[in-house]
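Read-outs: derived from the displayed coordinates by stated rules, not from any lab. Remember, it's a predicted structure, so these values are computed and weren't measured experimentally. Virtual Cβ from ideal backbone geometry, glycine too; neighbours counted across all protein chains shown.
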Amino acid sequence: MMEIVRQLRSAPNLLTLLRLIFLPFAVIAVLKGYYGWALVIFVIAGISDGLDGLLARLMKQQTVLGQYLDPIADKLLLSTMFLVLLATHRIPLAVGVLVFSRDIIIVIVCAVLYATGVMRIFRPSWLGKANTVAQILTVLFVLLHEVRPDVWIAKGRQLGFNVTVALTILSGVHYVLRVALDLRHAGGEDQRRASARQK
């Protein structure tokens, strides 16, 4: 317990916790129609995300807790913003359904494989990372469009929707195929070990 408290007190993890504190204020700003404030909060949260990783490396304060806390905070912020913008009809229903369906399926698959002991390590793919970047930029353009509905911003928002949909489908299919190949490889290794023991 004391080790967890010590790790929480590190500057990078405090920044990560601050990012979580921003979350309800960003949601309230969107629900109240204060999109300018929501945009500012989202940008500050993004800057803090870059800073905590930089601080962790410069100050040599990389912790086990931070390795779990940082991606959880990122995903929670992004998913919540996507959900609240979907609920307020700022993001098309089809885009939101695809994004959340992919995330839910991945979480269920990972949980089942981890609980059964079949797989313990789940590596992020470059397509998954690209999808996250696309979602972040989409949220930025959606909020910016509510502040200044310029033509270039509207085009950027629509491009964000299209790219997010494409990467959501591609990264989802890629993830399923990669897990299937990993399971097949693991099954082959088990069979070889069993054969070696019998010999």
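Numerical summary
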quantity: Cβ-Cβ FRET estimate between I104 and I44, R0 fixed at 30 Å, reported to 0.05; calculated: 0.55
quantity: Simple spin-label estimate for I28 and L177 in nanometres, 7 Å along Cα-Cβ; calculated: 4.6
